[in-house]
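This report concerns only the one structure given below.
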Amino acid sequence: MANLRTPLYDWHVAKKAKMVEFGGWEMPVQYTGIIDEHNAVRTAAGLFDISHMGRLSFGGPDALSLIQRVFTNNAATMKDFQVRYGLICNERGGVRDDVLVYRWPYGWAMVVNASNRLKIVEWLNQHKANLNVQMQDQTLDSCMIAVQGPKALEICRGLTEADASQLKYYYAAPTRWKGKQCVVSRTGYTGEDGIEVMISKAAAVELWQDVVARGAKPCGLGARDTLRLEAAMPLYGHELTETIDPLQAGLAWAVKLDKGDFIGRAALEQLQKLPRPVRVGLELEGKRAAREGCGVWSGSREVGKVTSGSFGPTLQKSIAMAYVEPTSAAVGTRLEVDIRGDRMSATVVKLPFYERKK
Amino acid sequence: MDLSKLKYSPTHEWAQLEGDTCTVGITSFAAEQLQDITYLKLPKVGDAVKQEGPFGEVETVKAVSDIYAPVAGTISAVNEKLVDDPETIKNDPFGAGWLVKIRMQPGTSTAHLLSYEQYQKQIESSGH
């Protein structure tokens with residue numbers, strides 16, 4: 001199957017972005033360079049095409065019931081216009097996806113990972129059963145961009161009719177951009193302040209150019225990955241999979257076992273009693289990066305595996321996330337990572353690696 | 001540096017042959033592909049290398065690439081300055097960005113190496 005293209009594809013190619021396949025989409029991995037783009041987001045403002053993310057909307061009297069059935073967090077306690085992170089689990093407690101749920105006065109929305117969109121749509125349809133819910137996958141008719149960085153809100157002043165700087169963190173507003181309906185939310189995946197905007201695909205290029213003209217630097221998925229790694233945000237397919245449960249991933253705060261039943265709850269209640277590998281942060285000596293799959297060793301014993309690693313451009317250190325046995329997971333534990341046959345010293349450190357000054 | 005006097009490998013290393021010594025670097029074509037170099041691993045003087053065998057690696061934010069020896073022999077010099085400033089490979093790949101010198105045994109084969117014209121053809125036919 002051919003890869004999908006976002007409404008901004010031609011713009012990316014015209015600007016000589018390096019394009020790669022990601023989650024079934026052809027996406028820009030970088031324009032001028034990963035470190036350059038990474039630094040723009042940490043010090044000023046960067047702009048990302050995230051139209052590949054799945055955008056689902058829900059209407060009907062039973063929409064909340066359906067969401068509650070599949071979502072590990074509690075959607076019932078959300079206020080109108082609030083956004084909440086949580087997981088969708090399988091019956092065994094493994095993670096099918098990590099998602100954002102949006103509550104509107106008139107319905108609900110969900111943003112899911114590109115690579116999981118069709119799987120999640122199918123899962124939702126399967127669990128809809130006799131519920132009265134209308135679900136729409138709006139991904140291919142719309143676009144989504146993220147403006148991130150300490151200057152993001154400043155440069156986006158007046159961008160939409162609603163003032164994004166008045167939004168609380170993890171809140172959203174249906175509003176307009178140049179008269180066209182859109183949604184703006186105070187969310188992101190970089191560890192910086194910023195917004196995300198969803199709009200019809202017909203408006204994508206013009207909106208994008210508007211934000212570029214305001215001074216945001218176009219950034220690719222390469223920088224998005226190093227930014228989210230420094231912020232220790234999990235990436236589906238790496239820190240989260242169908243065989244990893246959210247509790248071992250350190251996401252217990254997004255799992256409400258007492259909210260009522262949901263898919264995976266019974267399994268999670270059993271799992272939490274068992275020792276199993278947990279997600280940790282590793283800081284490595286030297287500049288070499290640990291990559292996914294590198295073994296983590298304590299003396300002569302392999303105690304875990306790296307799930308993501310890179311040189312962190314802001315921290316100027318080699319950092320990684322890994323799953324290790326609980327006995328090797330305490331902050332300060334000295335371990336070794338096998339990088340292409342060389343054992344590199346590493347220390348378990350507190351997550352996130354990077355936290356912005358507020 | 002007269003690039004037409006150098007020999008080349010299909011894996012984008014250049015080789016300057018002088019007597020029993022072969023100086024090795026990566027070509028500007030390869031260097032341009034390396035954005036945001038974070039780490040360079042080079043061998044030690046005295047290490048033996050095989051023809052077309054890996055002798056080092058260059059790492060960028062995104063990926064690690066092996067560097068291959070154009071000829072067999074023993075490492076006789078290493079450009080240690082690069083380890084602290086790997087971006088030199090990008091800025092001056094045919095000059096200050098040289099990587100190692102290999103001492104070849106008498107009779108070491110160099111016939112497999114590409115000429116400048118052959119290497120240019122390879123780059124062009126790969127769509128660049």
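The values are calculated or read from the model by the stated rules, or taken from the named source; none is laboratory data. Owing to the predicted nature of the structure, the values given are computational and were not obtained by experimental measurement. When we count neighbours, we look across all protein chains shown, and the Cβ atoms used for this are built from the backbone with ideal geometry, even at glycine.
Against the definition (buried (at least 17 other Cβ atoms within 10 Å of the Cβ), within 12 Å of chain B (Cβ to nearest Cβ), at pLDDT 95 or above and in contact with a Ser or Thr (Cβ under 6 Å, 6 or more places away or on another chain)), how does A:S328 come out, yes or no? Explain how you work it out, then say what you get.
Numbers: buried (at least 17 other Cβ atoms within 10 Å of the Cβ): yes; within 12 Å of chain B (Cβ to nearest Cβ): no; at pLDDT 95 or above: yes; in contact with a Ser or Thr (Cβ under 6 Å, 6 or more places away or on another chain): yes.
No, not satisfied.
Mind listing just one residue for me: the one in the stretch B:9-25 that is in contact (Cβ under 8 Å) with a residue 60 or more places away in the chain and outside any strand (DSSP E or B) and, of those, farthest from B:H112 (Cα to Cα)?
B:D20
Can you name every residue in the stretch A:269-290 that is assigned to a loop (DSSP other than H, G, I, E, B), surrounded by fewer than 18 Cβ atoms within 10 Å (Cβ to Cβ) and at pLDDT 95 or above?
Those that are assigned to a loop (DSSP other than H, G, I, E, B), surrounded by fewer than 18 Cβ atoms within 10 Å (Cβ to Cβ) and at pLDDT 95 or above: A:Q272, A:K273, A:L274, A:P275, A:R276, A:E285.
Would you call A:I244 under 18 Å from the mean Cα position of the chain (by Cα) and crowded, with 16+ Cβ neighbours inside 10 Å?
On the way: under 18 Å from the mean Cα position of the chain (by Cα): yes; crowded, with 16+ Cβ neighbours inside 10 Å: yes.
So A:I244 passes the test.
Out of everything in the stretch A:26-59 that is under 16 Å from the mean Cα position of the chain (by Cα) and of a type in the set (D, E, K, R), what residue ends up being farthest from the other protein chains (Cβ to nearest Cβ)?
Selected residue: A:R55.
Among the residues of the stretch B:16-29, what is the count of those that are farther than 16 Å from B:I89 by Cβ and either touching a Leu at 6+ places or on another chain (Cβ under 6 Å) or of a type in the set (V, I, T) (or both)?
Count: 1.
Do the conditions hold for A:D210, that is, is it in a helix (DSSP H, G or I), within 14 Å of chain B (Cβ to nearest Cβ) and either of a type in the set (D, E) or within 20 Å of A:Q30 (Cβ to Cβ) (or both)?
No.
Which of the helices (runs of 4 or more DSSP H) contained wholly in the stretch B:28-128 include at least 1 residues that are within 14 Å of chain A (Cβ to nearest Cβ)? Lay out the reasoning, then the answer.
On the way: elements: B:28-33, B:81-84, B:88-91, B:116-125.
The qualifying helices (runs of 4 or more DSSP H) are B:28-33, B:81-84, B:88-91.
Exactly one of (1) of a type outside the set (S, T, N, Q); (2) away from every other protein chain (no Cβ under 14 Å); (3) surrounded by fewer than 17 Cβ atoms within 10 Å (Cβ to Cβ) is unmet by A:G293. Its number?
The number of the failed condition is (2).
Yes or no, residue by residue, for (1) within 13 Å of A:E336 (Cβ to Cβ); (2) in the same structural domain as A:L100 (by TED's automatic domain parsing); (3) part of a helix (DSSP H, G or I):
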{"residue": "A:K259", "(1), (2), (3)": "no, yes, no"}
{"residue": "A:F262", "(1), (2), (3)": "no, yes, no"}
{"residue": "A:A267", "(1), (2), (3)": "no, yes, yes"}
{"residue": "A:V296", "(1), (2), (3)": "yes, no, no"}
{"residue": "A:E302", "(1), (2), (3)": "yes, no, no"}
{"residue": "A:S308", "(1), (2), (3)": "no, no, no"}
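Within the stretch A:336-356, how many residues turn out to be in a loop (DSSP other than H, G, I, E, B) and within 17 Å of A:Q316 (Cβ to Cβ)?
5
Kindly establish whether A:V121 is touching a helix residue (DSSP H, G or I) at 6+ places or on another chain (Cβ under 7 Å) and either crowded, with 20+ Cβ neighbours inside 10 Å or of a type in the set (A, V, I, L, M) (or both). Before you say what the answer is, go through the steps one by one.
Working: touching a helix residue (DSSP H, G or I) at 6+ places or on another chain (Cβ under 7 Å): no; either crowded, with 20+ Cβ neighbours inside 10 Å or of a type in the set (A, V, I, L, M) (or both): yes.
Criteria not met by A:V121.
Quick one: count up the residues across the stretch A:310-325 that are assigned to a loop (DSSP other than H, G, I, E, B) and crowded, with 16+ Cβ neighbours inside 10 Å.
3
State which residue is farthest from A:E242 (Cα to Cα) when the search covers only the stretch A:113-142 and only residues that are under 19 Å from the mean Cα position of the chain (by Cα) and assigned to a loop (DSSP other than H, G, I, E, B).
Per the criteria, the residue is A:Q138.
A quick yes/no check of all residues on (1) in a strand (DSSP E or B); (2) among the hydrophobic types (A, V, I, L, M, F, W, C):
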{"position": "A:M19", "(1), (2)": "yes, yes"}
{"position": "A:F58", "(1), (2)": "yes, yes"}
{"position": "A:Q68", "(1), (2)": "no, no"}
{"position": "A:A76", "(1), (2)": "no, yes"}
{"position": "A:I88", "(1), (2)": "yes, yes"}
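Any residue in the stretch A:31-51 that is assigned to a helix (DSSP H, G or I), buried (at least 24 other Cβ atoms within 10 Å of the Cβ) and either β-branched (V, I, T) or modelled with pLDDT under 95 (or both)?
Looking for residues that are assigned to a helix (DSSP H, G or I), buried (at least 24 other Cβ atoms within 10 Å of the Cβ) and either β-branched (V, I, T) or modelled with pLDDT under 95 (or both), one finds at least one in the stretch A:31-51, hence yes.
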